[in-house]
């Protein structure tokens, strides 16, 4: 039996950046943590819940609430952590910008996990800029050890300088593993709640004073940061000086071990004194940073220096050692012995047995499509369904559908419905639905309830009946919630009942009033299958009509004449291919009920 | 000895790539190396391409392997083995499971599954194809395909057999240990030459 990590108090562990942040939260006395799942940040709270019982950790319905509850806990003197993906910080931006004015009683560390390269995100925003705009401290670790250490440093800075601290990770930090020296937990007492309206009620008279303190705070931290070990000069050959931060530092050390390096750990406020010293020390400066020219623009504007940066390294995409080598030492790139081979892409697909497949199959069959949202069901855009046409952000499917109707009327909207998962609906869809009711829209919203926040790997949410620790929790009643918004027509359907699914979609799309269809069937990650058999094709009966291929099931492939069903991938509880086959050529042992 | 060893493990979602790279990292740690590994979760889990970079040696900076530098690429699916070919070092080895999993783009008729063997020949790629699925079937457990492959590549890496076995013990549940050790042994004996 593996030991829980809170029983191991010394040694070295190979940890991902996310696991290291969880470890840091534990070692440095965090009492309370709250987050909404979002790749690449999700494992931070999962690790806390699995390994570190001393921290009270929970899922929030969205990032804004996640930050608000940790703010409250900080007001009461607890050390707190909130984690989110980069776009989650947009949702939490409202509390963030004013919490910056209010400051921290117990230390506040907010993790923003950015996604350069957009491995699983809809944009590539650089939240160092958000941190600067919010006037909070931004820390950038370059490996797991620093990720752990910076949680501790962040809490200390937060309490010493009365500021929230943004710990800016990127996918490559979150999901890379490296060695971390670990230590025991240091308990810090919760100070207790004491009201202080001048500190925590930013009416204009108070807020003006707060703003003044914020500006002074930034100057103080900049001066302190020039002496802090979080920012450091690694003096080497002074003919080249590289200014870098985060994962880019590792690529610089890999390809340019001889250069002098200024490694920035505190990206906001920048350590001006140290930067000035470095610039004066080296003959030539290159900025190596991922995405936006944050260091480059700020440092160039301050010191009016000539230096290379985004003119030689793209703003777009994730960096890697080749890109940095090409930019910093052109002509020394590694020999490529074997050239690139053109291959079919292997994009992600809805799993075999996925409940969303039935809904998208029917929508597509009826010639319909959807305004989409953020979740597994975004994959409804892929062939063969091709039944999703827009995505902006969490919850936007509903507002977008409403706006299309406002612009072109019910006729112009055609057979569009809104497609949104239950977790996303609770996160940010409810207000959109209230808007539709309030402003007289007539469209159909399909809440795809698979009882799991699935795209991020399968997390609980307020509709699933369990909390982050897997303990029983009250179940949010979606039907009552939707009814309370004022929706009169609510249909609940198992999306794998294809005839019924198709019938209901048809009826509701034709209805000249607002309606909600709740497609309810659990995600295959949420339970063990009840049946045992897997589907098989009878080649004697199969007429090669390819209707089963229209399901887009990853278990079904085409051998040129007939479908083949992978017994390895087929989900025993799913019978969609059996339902769509017109000649009963597909069957499965439907006994085997356990 | 070379100071850093670079390995890429690749395949498709659900093939046990993460477990394989965990075992490799654990074995490298037991051998006293500095270790870094990197992979991307999220969208790739839904049957998409998945890869894990593992680097070990005296001191590691970048968690990512650079193109032209991989000493070994281990592919759990044969087409995926081709995707990473530019990463292979001139002396590099490519070991792949002789298994084809058709991507959705092929199933929907938007692409064709390539003739992998013909490409290997044309490009003169140093590939060893291993019938790891058949071996796992013989062992009565399809979930050990990845460990058969680890066994097959294990002699090509500067890690002692005892460290491999210990790493497997650390990473697999006790009731599956016997079959996993057997899978490792078979892979190592049959193809580790």
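The numbers here are math on the coordinates, done by the rules we state, and not lab data. As the structure is a computational prediction, the values presented were derived from the model and not from experiment. Cβ: placed from backbone, ideal geometry, glycine included. Neighbour counts: every protein chain shown.
Rounded to the nearest 0.05, what FRET efficiency is calculated for residue A:435 and residue A:536 with R0 set to 60 Å and r the Cβ-Cβ distance? The formula returns an efficiency of 0.80 here.
The calculated Kirkwood hydrodynamic radius for the stretch A:5-227 is 17.1 Å, given to one decimal from all distinct C-alpha pairs. Rounded to the nearest 10 degrees, the inclination of helix A:272-281 to the longest alpha-carbon principal axis of chain A is 70 degrees.
Taking the Cα atoms only, what angle lies between the long axis of helix A:356-365 and the longest principal axis of chain A, rounded to 10 degrees? In chain A, helix A:356-365 runs at an angle near 60 degrees to the longest axis.
Based on DSSP, what percent of beta bridges with both residues in chain A are antiparallel, to the nearest 5? Intermediate values should be presented prior to the final figure.
On the way: 18 of 71 bridges.
Close to 25 percent.
Here each label is just a point 7 Å from Cα along the line to Cβ, and for residue A:281 and residue A:156 those points are 2.1 nm apart. Rounded to the nearest 10 degrees, the inclination of helix A:93-102 to the longest alpha-carbon principal axis of chain A is 30 degrees.
Ranked from largest, the principal axis spans of the Cα set of the stretch A:356-520 equal 47, 36, 29 Å. Modelled spin labels at residue A:207 and residue A:389, positioned 7 Å past Cα toward Cβ, are 4.1 nm from each other. Return the percentage of antiparallel bridges among DSSP beta bridges fully within the stretch A:221-356, rounded to the nearest 5 %. Rounded to the nearest five, the antiparallel share is 20 percent.
Expressed in nm², what is the orientationally averaged projection area of the convex hull enclosing the Cα positions of the stretch A:45-129?
6.0
Each of residue B:185 and residue B:137 was given a label point 7 Å from its Cα along the Cα-to-Cβ line. The distance between the two points is 2.3 nm. Look at the stretch B:106-115: the mean tally of other chain Cβ atoms within 10 Å of its residues' Cβ atoms is 5. For the pair the stretch B:1-36 / the stretch B:129-185, the C-alpha centres are spaced 14 Å from each other. Report the normalised scattering of chain A as log10 I(q)/I(0) at q = 0.09 Å⁻¹, calculated by the Debye formula with identical scatterers on the alpha carbons. Taking Cα atoms of chain A as identical point scatterers yields -0.81. The tail of the calculated P(r) for the stretch A:354-435 beyond 20 Å holds 28 percent of all Cα-Cα pairs. Per residue of the protein assembly as shown, the DSSP helices (runs of n ≥ 4 H) give a summed -39500 (n - 2.57) that works out to -10500 deg cm²/dmol at 222 nm.
How big is the C-alpha Rg of the stretch A:474-563 next to the rule-of-thumb value 2.2 N^0.38 Å, as a ratio? Before the final figure, lay out each step's value.
On the way: Rg = 18.3 Å, N = 90, 2.2 N^0.38 = 12.2 Å.
Cα Rg divided by the expected 2.2 N^0.38 Å: 1.50.
Quarter the surface of the alpha carbon convex hull of the stretch A:250-406 and you get the mean projected area, 15.7 square nanometres. With a cut-off of 8 Å between alpha carbons and a minimum separation of six or more residues, what is the relative contact order of chain B in percent? About 21 percent, as a whole number. DSSP finds beta bridges in chain B, and of those with both partners inside it, around 55 percent are antiparallel. Between B:105, B:12, B:128, the residue with the greatest mean-square fluctuation in the GNM of chain B (Cα pairs under 10 Å linked by springs) is B:105.
Considering only alpha-carbon pairs that sit under 8 angstrom and 6 or more positions apart, the relative contact order computed for chain A is 11 percent.
For the stretch A:139-241, pairs of C-alpha atoms spaced more than 23 angstrom apart make up 48 percent of the total.
Per residue of A:207-214, other chain Cβ atoms within 10 Å of the residue Cβ number 0 on average.
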